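Enquirer: This is the structure, below, for whatever I ask next.
The values are calculated or read from the model by the stated rules, or taken from the named source; none is laboratory data. Everything quoted here is computed from the prediction, not taken from an experiment. Note: ideal-geometry Cβ built from the backbone for every residue, glycine included; neighbour counts use all protein chains shown. Each accessible area value is taken on the protein alone, full model and side chains, heavy atoms only, with ligands, DNA and RNA left out. Shrake-Rupley method; radii C 1.70, N 1.55, O 1.52, S 1.80 Å.
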Amino acid sequence: LIGNILRDANSAKKYWHFIKLMGRSASHVCLEVALQTQPNITLIGEEVEAKKQSLEEIVNYMANIIAARGNQGKNFGIALIPEGLIEFIPEMKVMISELNDLMANLEHDGAYQEASQAQKYEIITSELNPTSAKLFNSLPAAIKAQLLMDRDPHGNVQVSKIETEKLLIEMISSKLAELKSQGQFIGKFSAQ
């Protein structure tokens with residue numbers, strides 16, 4: 001399937017395809033698919049964890065590849081992402097752990113339950129450590145909502161339901177706009 005998408009991307013030459021693959025706790029499926037299909041970008045969770053990469057570093061890495069291709073007139077490509085990527089990012093792992101504990105405490109808090117979404121974000125931010133609060137505030141609203149709503153029976157975030165690919169697309173889009181304003185990116189970015 002990914003081989004077909006690669007062929008289509010090389011033919012249509014207009015989209016970056018962000019593909020999330022199975023692999024919450026291990027990225028071996030993503031690695032094997034990458035070895036067989038040769039995509040433009042492949043993220044491996046274990047490498048992200050070993051290098052202690054932040055979300056910002058991952059976004060910068062991907063944006064730089066996309067910008068380099070775009071500057072050559074290649075405004076298309078494939079990025080493979082394992083579904084558990086965010087659990088491999090050390091700062092995200094810490095924030096998710098804090099959110100799990102916090103949400104368990106707020107579950108029966110009437111004031112929190114009746115608060116607006118913006119108020120809930122303020123309450124959450126005030127209870128997280130400063131690093132986690134900054135990271136939480138940097139996330140797109142849809143991802144914040146997913147982090148707060150989708151819980152498993154044990155009260156933990158259901159990582160596989162977080163749309164990591166959409167998170168990356170939105171953050172990369174912002175980074176590319178910044179690069180464009182600095183004259184470092186002359187291409188176009190359209191993602192699926």
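Conditions (1) open to solvent by 70 Å² or more (accessible area, probe 1.4 Å); (2) within 17 Å of Lys144 (Cα to Cα); (3) free of Cβ contacts under 8 Å to residues at least 60 places away in the same chain, marked per residue:
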| residue | (1), (2), (3) |
| --- | --- |
| Lys51 | yes, no, yes |
| Met62 | no, no, no |
| Asn71 | no, no, no |
| Ile86 | no, yes, no |
| Pro90 | no, no, yes |
| Met103 | no, yes, yes |
| His108 | yes, no, yes |
| Ile124 | no, yes, yes |
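Enquirer: Let me ask something additional. If I ask for residues that are open to solvent by 20 Å² or more (accessible area, probe 1.4 Å) and either within 12 Å of Leu55 (Cα to Cα) or in a helix (DSSP H, G or I) (or both), which ones from region 126-144 would you list?
Expert: Answer for region 126-144, where residues must be open to solvent by 20 Å² or more (accessible area, probe 1.4 Å) and either within 12 Å of Leu55 (Cα to Cα) or in a helix (DSSP H, G or I) (or both): Ser126, Glu127, Pro130, Thr131, Lys134, Asn137, Ser138, Ala141, Ala142, Lys144.
Enquirer: Give me the residue from region 92-101 that is aliphatic (A, V, I, L, M) and without any contact (Cβ under 8 Å) to a residue 60 or more places away in the chain and, out of that set, most open to solvent (accessible area, probe 1.4 Å).
Expert: Top of the filtered list is Val94.
Enquirer: Could you look through region 73-84, keep only residues that are open to solvent by 10 Å² or more (accessible area, probe 1.4 Å) and out of contact with any Phe, Trp or Tyr (no Cβ under 9 Å at 6 or more places or on another chain), and pick out the one that is modelled with the lowest pLDDT?
Expert: Filtering first and then ranking leaves Glu83.
Enquirer: Residue under question is Lys161, and the condition is that it be farther than 19 Å from Glu107 by Cα, open to solvent by 10 Å² or more (accessible area, probe 1.4 Å) and modelled with pLDDT under 90; does it hold?
Expert: yes
Enquirer: Considering only residues of region 33-49 that are without any contact (Cβ under 8 Å) to a residue 40 or more places away in the chain and open to solvent by less than 90 Å² (accessible area, probe 1.4 Å), which is farthest from Pro140 (Cα to Cα)?
Expert: Restricting to residues being without any contact (Cβ under 8 Å) to a residue 40 or more places away in the chain and open to solvent by less than 90 Å² (accessible area, probe 1.4 Å), the top hit is Asn40.
Enquirer: Restricting to region 146-166, give me the number of residues that are within 14 Å of the chain's Cα centre (by Cα), outside any loop (DSSP other than H, G, I, E, B) and over 19 Å from Pro90 (Cβ atoms).
Expert: Residues meeting the conditions: 5.
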